[in-house]
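Trainee: I am attaching a structure below and will ask some questions about it afterwards.
The values are calculated or read from the model by the stated rules, or taken from the named source; none is laboratory data. Keep in mind that what you see is a predicted model, and the values were worked out from it rather than measured. For neighbour counting, all protein chains shown are included, and Cβ atoms are generated from backbone atoms with ideal geometry for every residue, glycine included.
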Amino acid sequence: MSTIRVLIADDQIMVRQGFTVLLNAEPDIEVIGQAVDGADAVARVAELTPDVVLMDIRMPELSGIEATRRITSALPDVRVLVLTTFDLDEYVYEALRAGASGFLLKDASADQLAEAVRVVAAGDALLAPGITRRLIAEFSRIGQGPRGPLKPRVGDLTTRETEVLALIAQGLSNAEIATKLVVAEQTVKTHVGRILVKLGLRDRTQAAVFAWETGLVRPAGSN
């Protein structure tokens, strides 16, 4: 069993130490470093190349959102799991737009934290349905229209792949998509893999953001 290497970025030492103790207690997770702010996080990630970064949003010097943007741009294989005490739309929205693969509140249990690290490390999205619904509503609220360079790329997908992409963006898991489309779960996994390759996307989270930005998914009742 391979070990998931984690870096924790938070300006509060008690948070860093607490998360370190919790995660190091897991047999398949190892905390390999800590960062005290966003700028430090960018530097430490470049030095250590962890599998997953636990990233606080509000930090001095450089925000967690900007640090996430720089890290995912420079090192696409590094997954960022955003941690915050603020369950606010603007933070979720901006963090995922910046390239984060997931979002977790700091009051999550030790088991939830460890599982979140595993999910993100595996390349899956960590998007609770409630967060997904708020994100879609946020795109609608700010009037985010389809972006020119993105829209044509949807045409590269087959009809079934487009259906799967829309369901990913609605927060459904592979098993739930398989049930809805009455196909095998492995078939859904194959479709997801092809979607990511065709669209040049890193993971399910980025696929969901792509679907929202192109207008493939819209809130109920919107035009």
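Trainee: Specify the residue that is nearest to the chain's Cα centre (by Cα); the eligible residues are those in the stretch 4-38 that are part of a loop (DSSP other than H, G, I, E, B) and either surrounded by 16 or more Cβ atoms within 10 Å (Cβ to Cβ) or not assigned by TED's automatic domain parsing to the domain that holds ASP51 (or both).
Mentor: So, considering only residues that are part of a loop (DSSP other than H, G, I, E, B) and either surrounded by 16 or more Cβ atoms within 10 Å (Cβ to Cβ) or not assigned by TED's automatic domain parsing to the domain that holds ASP51 (or both), the one nearest to the chain's Cα centre (by Cα) is ASP10.
Trainee: Among (1) closer than 27 Å to LEU201 by Cα; (2) modelled with pLDDT of 90 or more; (3) more than 14 Å from the chain's Cα centre (by Cα), where does LEU88 come up short?
Mentor: (2)
Trainee: Also, quick follow-up: State the number of residues belonging to the stretch 78-109 that are assigned to a loop (DSSP other than H, G, I, E, B) and touching a residue at least 12 places away in the same chain (Cβ under 8 Å).
Mentor: Within the stretch 78-109, residues that are assigned to a loop (DSSP other than H, G, I, E, B) and touching a residue at least 12 places away in the same chain (Cβ under 8 Å) number 10.
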